[in-house]
Amino acid sequence: MSRLALQVTRTQVRRWFLVQTSILILAALGVLYVKGFFWAKSFGLGGLLCMLPQWVFAYMWLRYYKASAASKLVSVFYIGEVIKLFLTCALFIVVVKYIPINLISGITGFMIAQVAFWIAPLFSFKPKIN
């Protein structure tokens, strides 16, 4: 993979995370306005529970993205997904057990962050200028 292609990929991933973070912050501000600080904190923590494992996965993937062997890329992808799932579960257990949150708001924040990640590529494309 060329250095330019890797840089473009990293730039795209950064844009996707920026869009996801922006959507989550705007939604958390809306929750803060409507429901108050406790709900907004729970919402934000739920969103972080979704985003932190995605950042770890993206770091792992982009670190090995330039590998020329397809089998190495596939194995890194699957290992990254397993780590992401375990990290999500572990963080969720820690937050629910040790931090007082509103569970409904936390799960809603998690879902909003996940949906924001799915739709982020729609907001970050660059139209070609001819």
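The values are calculated or read from the model by the stated rules, or taken from the named source; none is laboratory data. No experiment lies behind these values; they were computed from the predicted model shown. When we count neighbours, we look across all protein chains shown, and the Cβ atoms used for this are built from the backbone with ideal geometry, even at glycine.
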Could you tell me how many of the residues in segment 23-37 are part of a helix (DSSP H, G or I) and either in contact with a strand residue (DSSP E or B) (Cβ under 7 Å, 6 or more places away or on another chain) or over 13 Å from Gly109 (Cα atoms) (or both)?
4
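So which residues in segment 28-43 are in contact with a Ser or Thr (Cβ under 9 Å, 6 or more places away or on another chain) and surrounded by 15 or more Cβ atoms within 10 Å (Cβ to Cβ), if there are any at all? Reasoning before the result, please.
To start, the set of residues in segment 28-43 that are in contact with a Ser or Thr (Cβ under 9 Å, 6 or more places away or on another chain) comprises 31, 35, 38-43.
Within segment 28-43, Val31, Trp39, Ala40, Lys41, Ser42, Phe43 qualify.
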Keeping to segment 1-19, report how many residues are modelled with pLDDT under 85 and among the charged types (D, E, K, R).
2
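The rows are residues; the columns are (1) within 19 Å of Phe117 (Cβ to Cβ); (2) touching a residue at least 60 places away in the same chain (Cβ under 8 Å).
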residue	(1), (2)
Thr9	yes, no
Leu26	yes, no
Tyr33	no, no
Ser42	no, yes
Gly46	yes, yes
Leu73	no, no
Thr88	yes, no
Leu91	yes, no
Top-ranked residue in segment 20-72 [being over 20 Å from the mean Cα position of the chain (by Cα) and at pLDDT below 90; ranked as nearest to Thr88 (Cα to Cα)]
Lys72
